[in-house]
Amino acid sequence: MPAASTLLRPALRIARLPRLPIYHRLCIEEALFYKTSDNWFVYSEGPPSDPPTVVLGISGKPERMCNLELVQQDGIPLVRRFSGGGTVIVDSDTIFTSLIVNQTDVPHVQPYPREVMEWSKGIFGPALAALAPPSGGSAVQLGLRENDYVFGDLKFGGNAQAISKGRWLHHTSFLWAYSPEVMRYLTLPEKRPAYRRDRPHASFLTPLHRHIAQRDDFCPAVVEALASQFEVREAPHAEIEDIIDALGGAAAWAAACRTKFVGPDGKALPDAAAAAAAAAVAEAVAQ
């Protein structure tokens with residue numbers, strides 16, 4: 001009979017965050033990834049009044065990924081996250097998830113983006129398949145096309161990873177719904193998935209609400225799928241606040257971390273300008 005310790009599943013903390021602007025969420029994710037040693041599943045949704053925000057990968061260039069004239073004209077914030085991957089635009093209709101995992105706890109998963117994505121398909125695929133479809137619909141089957149989650153050849157989720165020192169992060173922006181008007185702020189990328197071809201966003205994307213009945217069912221279904229591989233435990237929001245406080249508080253950590261507001265030239269905004277951008281986001285959310 002195997003020793004009791006070999007039967008234990010690794011622990012994974014479930015952090016259901018409030019509906020924070022994406023900048024604040026990314027700062028929290030970066031702290032959990034680099035400054036803790038726990039496994040995490042982080043879930044949140046965009047605030048109800050969250051203005052659209054363009055989020056670039058760590059090496060993303062606004063002039064190549066954005067319609068800068070429109071972005072500047074409409075005052076759309078630009079945020080550079082700490083992970084790789086492409087550029088997305090997010091708002092109140094975006095669902096955000098992140099998986100932060102120690103390599104030793106999933107030794108069968110090699111720490112490379114494609115292998116991590118294949119593993120993640122084994123979590124999100126069963127979760128989505130278990131959810132009730134809209135009236136008259138049928139159960140869905142998640143597909144993986146290059147770096148995207150798809151139904152058929154239509155994208156509903158974009159992915160990015162960060163890999164460092166025996167630990168990796170895989171985060172996803174799921175489109176619960178989207179506005180074609182918001183998509184105007186992004187250009188057709190120079191480097192794009194082969195399966196996309198030259199399709200515009202309207203012919204390339206599909207909102208998740210067309211495939212599952214209830215938005216509120218999504219997070220519990222993912223947690224249930226994770227419970228097949230991990231010992232899941234809820235992490236109160238106060239615990240997340242304590243982690244940030246141990247780093248000197250939200251303002252100090254925002255200054256230290258790699259997640260930044262950036263200007264049209266892709267350079268990090270000075271602290272005062274970044275604070276003003278953050279305040280503008282917070283003001284918009286409060287309205």
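The values are calculated or read from the model by the stated rules, or taken from the named source; none is laboratory data. As the structure is a prediction and not an experimental result, all values here were calculated from the model. Cβ coordinates were reconstructed from backbone atoms using ideal geometry, including for glycine residues, and neighbour counts include every protein chain displayed.
Contact map, segment 250-267: first residue without any contact (Cβ under 8 Å) to a residue 24 or more places away in the chain, second residue in a loop (DSSP other than H, G, I, E, B), Cβ cut-off under 9 Å, separation 6 or more or different chains; pairs are Ala255/Gly248; Ala256/Leu247; Ala256/Gly248. Checking the structure you have, find out if any residue of segment 34-41 is surrounded by 16 or more Cβ atoms within 10 Å (Cβ to Cβ), more than 16 Å from the chain's Cα centre (by Cα), aromatic (Phe, Trp, Tyr) and modelled with pLDDT of 95 or more. The answer is yes, given that some residue of segment 34-41 is surrounded by 16 or more Cβ atoms within 10 Å (Cβ to Cβ), more than 16 Å from the chain's Cα centre (by Cα), aromatic (Phe, Trp, Tyr) and modelled with pLDDT of 95 or more. Suppose we keep only residues that are touching a strand residue (DSSP E or B) at 6+ places or on another chain (Cβ under 6 Å) and of a type in the set (Asp, Glu) within segment 201-236. Which one would you say is nearest to Trp119 (Cα to Cα)? Here the answer is Glu231. Among the residues of segment 87-102, the ones that are in a loop (DSSP other than H, G, I, E, B) and more than 17 Å from Arg258 (Cβ to Cβ) come to 3 in all. For segment 65-84, the set of residues classified as in contact with a Leu (Cβ under 9 Å, 6 or more places away or on another chain) and either assigned to a loop (DSSP other than H, G, I, E, B) or hydroxyl-bearing (Ser, Thr, Tyr) (or both) consists of Asn67, Ile76, Arg81, Phe82, Ser83, listed by residue number. Candidates Val101, Val90, Val106: the one that is in contact (Cβ under 8 Å) with a residue 24 or more places away in the chain, crowded, with 21+ Cβ neighbours inside 10 Å, more than 25 Å from Ala268 (Cα to Cα) and out of contact with any Leu (no Cβ under 7 Å at 6 or more places or on another chain) is Val101. Looking only at segment 204-220, residues that are surrounded by fewer than 19 Cβ atoms within 10 Å (Cβ to Cβ) and over 21 Å from Val182 (Cβ atoms) come to 6 in all. Filtered by the rule that a residue be in contact with a helix residue (DSSP H, G or I) (Cβ under 9 Å, 6 or more places away or on another chain) and either β-branched (Val, Ile, Thr) or free of Cβ contacts under 8 Å to residues at least 40 places away in the same chain (or both), segment 229-240 gives Val232, Ile240.
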